[in-house]
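Where a number appears in this text, it was derived from the coordinates with a stated rule and is not lab data. The structure presented is a predicted model; accordingly, all values stated were derived computationally and were not measured. Positions of Cβ are generated from backbone atoms using ideal geometry, with glycine treated the same way; all protein chains shown enter the neighbour counts.
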Amino acid sequence: MQFKTASGAVIAALSLSGVASAEIVGVVGGQTSVLLDLELIGSVTDLELTGLSGGVITPGNLGPDSVAFAITSPYAGSVGSDFQYDSDDFIATFSGTIAHRGTLTFNDSITLGNFDIAFDEGLGAFAVFDTFFDGTGLGALFQIGLPLSISPLEQTFEVMGDLLITQNFATILLDLGLTDTDLTGADVGDAFVQGFNQAVPGPGPLMLAAIAAVGARRRRR
């Protein structure tokens, strides 16, 4: 069986479209849709999808068989998205993580989820990380691979690409006896990130706000 292999130079192949921006914007909401090829997964592993947690959106925006996970706001909890960039110079400025909430359960006993999407330096690409267990999880499960399109605009952020099994996840599947094949690089689905942004306050406004607060307290005294 032939699988698509991951490219270590994905970032160089980005299809970018943006508008001029003099400020940093951060992804604070939206959703990521995932379409897994469950027939393929079932043919090469002993994994069977048996459940979704509450809050998982069905269907997602990749067709009737897809699901979607809400992108959490950094203001919605103690851990949230902090992915930010300048749309006028995305490559040089992007940083942080797009955080999600929601889980998938396989075989009634294996739960993966609360997925983070971030750029992985080792892979040289964006990756999907499982963080369900104790906030750390199993690490990078999928690389978002070619063909990859990304639109880092000022008000919205979109990414679409293949989901390729990482070496980390392939090793986990082998160690758990869920497959006897090294599935590194296997294309098992698609991901579609649809985020919306808001401006990230710069140090100037924050400093002015702090000074104003101190002045107000002094006036009250």
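Structure above, values below:
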{"quantity": "Net charge contributed by nearby residues that have their C-beta within less than 13 Å of Asp116 (K/R +1, D/E -1)", "calculated": "-2"}
{"quantity": "Approximate spin-label separation Asp65-Glu48, in nm, with each point projected 7 Å along Cα-to-Cβ", "calculated": "1.7 nm"}
{"quantity": "Charge sum, other residues only, whose C-beta stays under 14 Å from Gly29's C-beta, Lys/Arg counted +1 and Asp/Glu -1", "calculated": "-1"}
{"quantity": "Highest average packing first - 162-171, 134-143, 80-89, Cβ atoms within 10 Å", "calculated": "162-171, 80-89, 134-143"}
{"quantity": "Separation between Cα centres of the range 174-201 and the range 54-108, rounded to whole Å", "calculated": "12 Å"}
